[in-house]
1. Among all residue pairs at least 6 apart or on different chains, which show Cβ distances below 7 Å where the first residue, located in the stretch 609-627, is free of Cβ contacts under 8 Å to residues at least 24 places away in the same chain and part of a helix (DSSP H, G or I) and the second is surrounded by fewer than 22 Cβ atoms within 10 Å (Cβ to Cβ) and of a type outside the set (S, T, N, Q)?
2. Does the stretch 531-541 include one or more residues that are touching a Gly at 6+ places or on another chain (Cβ under 7 Å) and farther than 25 Å from Gly408 by Cβ?
3. If we keep just the residues of the stretch 70-86 that are in contact with a Ser or Thr (Cβ under 6 Å, 6 or more places away or on another chain) and within 21 Å of Gln5 (Cβ to Cβ), which is surrounded by the most Cβ atoms within 10 Å (Cβ to Cβ)?
4. May I ask you to verify whether Gly240 is more than 17 Å from the chain's Cα centre (by Cα) and either over 30 Å from Leu594 (Cβ atoms) or surrounded by 15 or more Cβ atoms within 10 Å (Cβ to Cβ) (or both)?
5. Could you please find all residues in the stretch 563-592 being among the acidic types (Asp, Glu) and touching a helix residue (DSSP H, G or I) at 6+ places or on another chain (Cβ under 8 Å)?
6. Which pairs do you get when a residue that is at pLDDT below 95, found in the stretch 418-442, comes within reach of a residue that is among the charged types (D, E, K, R), reach meaning Cβ atoms under 6 angstrom, with the pair 6+ apart or on two chains?
7. Give the residue, chosen from Asn583, Asn548, that is in contact (Cβ under 8 Å) with a residue 40 or more places away in the chain, in the same structural domain as Glu650 (by TED's automatic domain parsing) and in a helix (DSSP H, G or I).
8. Mind listing whichever residues of the stretch 380-415 are without any contact (Cβ under 8 Å) to a residue 40 or more places away in the chain and farther than 30 Å from Met178 by Cβ?
Amino acid sequence: MTTKQRVLRVSTEQPTYAVCVMGTEISLDVGGSIPEGATDFVVQGTTDLRVSVIYDPKLVTPSASRWPLNSGVEVIVAMNGPSSAVNDNKVKVSYYGPAGETLSSAWLYLTCMAISLDVDTNRNGVVQTNATNKKKWTWGPNGKGAVLLVNCDRDGPNSGNMDSAYSHVQSSADLEDMSLMILTTEGPADVFENYKLHLYVSMSDAPKLRVFHDSGNASLSTYEHVLGSDKLSYTVKCSGGKQQTSFLVEGLAFPDAGFDGLVSLSATLLEVSSQDCLDTPVFSDTVRFRVAPWIMTPNTQKPLEVFVCSVGKWSESNKDFVEAVRTLAKEANCKLTVCPELDNHRDRWIQDEMEFGYVEAPHKLFPVVFDSPRNRGLKYFPVKKILGPDFGYVTREPKDVSSLDSFGNLDVSPPVTVEGKKYPLGRILIGSSFPGASKVRMAKIVRDFLYAQKVQSPVELFSDWLAVGHVDEFLTFVPAPDRQGFRLLLASPLACYKLFKEKQKEGYGDATLFESLKGIKRRTIDEILTNKTERSANEYAQTWIDWNRSILKRKLGLSEADIVDIPQLFELEGSRATALFPNMVNMLVLGKHLGIPKPFGPIIDGQCCLEAKVRSLLDPLGLTLTFIDDFFTYHQLSGEVHCGTNVRREPFSFHWWNISP
């Protein structure tokens, strides 16, 4: 690291007085006031100073410790420790003539201060004093730089608002979400008669953070908002001697378009002008934070809490569905939260409304719900019922919203390695439109947010060939004991036709789809296999799934052995596809327990052949399958089990700052 230098000039006419800071060097200009006839000089300093002379031995030969003037010789002065009194360190420069006679002397009086602005640079939960490279922020296990959390939970008593909405500390729990910053000063008190110490934040960084001064009093009212938001500078009161002043820093904005997540704070020593001029800077120490990204959790992470909506009465009731989810959650040892109709306003699509993730700093981690902009019946549920103590909230609101902005169209893979590059937190999957095929995409403001988090480098798939247009209609991930620790499940018309052909050859062509469902037209295997219109529709769907399959293999580093094809048929509504029977990949994954939409396939030898096929594919992975009837309550409304549920999962044990994006 290059040592900070300050240039000082000495004069034979009058002494020079200056304040210097530990860790810096003074480049002493000895040629600015050379007496007439002088040819050499000698420089000396008191014991608390280190005085060195830098020269080129090819050009300069020192004689009896004298140094030739005007020969490129440089004098460097450094301090061994802070001063106990003003001007207690001295440097004397003596000038000599050609005959060795003394012509004149120049004096420099120095007062040395120790000033250090420090944060948790090593990311171990402890503030490091006088850390090097704290002005930079680097990724990786050997990286340095502090982390800042967006204070987006609600620890205070104010309902409906995040803590970051207030310019005062909400509670003692509110303080735990903030990052500690310590300003250490040491030196004589009299220095501050002519100098002052300021904290600064740039105009561009100020809206992204807020700094509170910790006065050391236990009362929350004594935490003064001193910097950030609408405040650019703050004068620190220094009493002399060794003094530590604590500050707490909170983030106000996540990384996003136009904001890379990096913010800086500086402590600057200023010499007070005796005239009507600007105060002049003497020294500045800067620390840099990176705002923690919002991180999604994949199906392979341990489930902690399942959410489901209770809606309607009589024929519209989903009571049986809720009870089936309750049973599955109990088997998976997972908490269940049922959102009542009072809160969901008969909007059952809780997966589309929100996505669970978390934020992490070395000193704190808490879950954060990302509220989608779809804004239907569940619009206020995340902010009113989920935002709370140690549970954060974030949203992005575009002007125009499409179905692709619902979060059934947002997923994340398990950790993967692609051509040697590791993605230890997985990669976000976004459903989009094929270039030129449609102008409909997930809103730019939402995509920009997801891309800006960096640590889960998004992959865009093509989902607008579907009537609803969500990625969860053709893919999901389930845990596995081997290979990469998971399998990618893809909906497959080809696999379904292959299965039905096998059953037809076995003599079951008259076995029917939907046999046990009242009021639903039954379809035999023979009818399905001979329907050319439906065959064409499913070839169309398979083409899109295959296109996405290629992207997923390439972007996630998968082979065919990592993929399981789940039998599924589609039908067209206009030019968009929808599931013919309940879409089995649209499932609820709770560890090894899977809640799969019951397909109501042809009954052969007393069991649904579709269920039997899926069991044969997934049972070897050690998974427990429960087929849930969602036909009338979800499937006929263009959704399935995954669409009607949501899961908060355990965060990764891997720390995001150890990534090398």
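The values are calculated or read from the model by the stated rules, or taken from the named source; none is laboratory data. Owing to the predicted nature of the structure, the values given are computational and were not obtained by experimental measurement. Every residue, glycine as well, gets a Cβ built from its backbone with ideal geometry; the counts of neighbours run over all protein chains shown.
1. From the stretch 609-627, the pairs are Arg615/Leu625.
2. No, the conditions are met nowhere in the stretch 531-541.
3. Top of the filtered list is Ser83.
4. In short, yes.
5. Across the stretch 563-592, the qualifying residues are Asp565, Glu571.
6. Ser432/Arg441; Ser432/Glu460; Ser433/Arg441; Ser433/Asp464; Ser438/Asp464; Val440/Asp464; Met442/Asp405
7. Only one candidate qualifies: Asn548.
8. Result: Lys399, single match.
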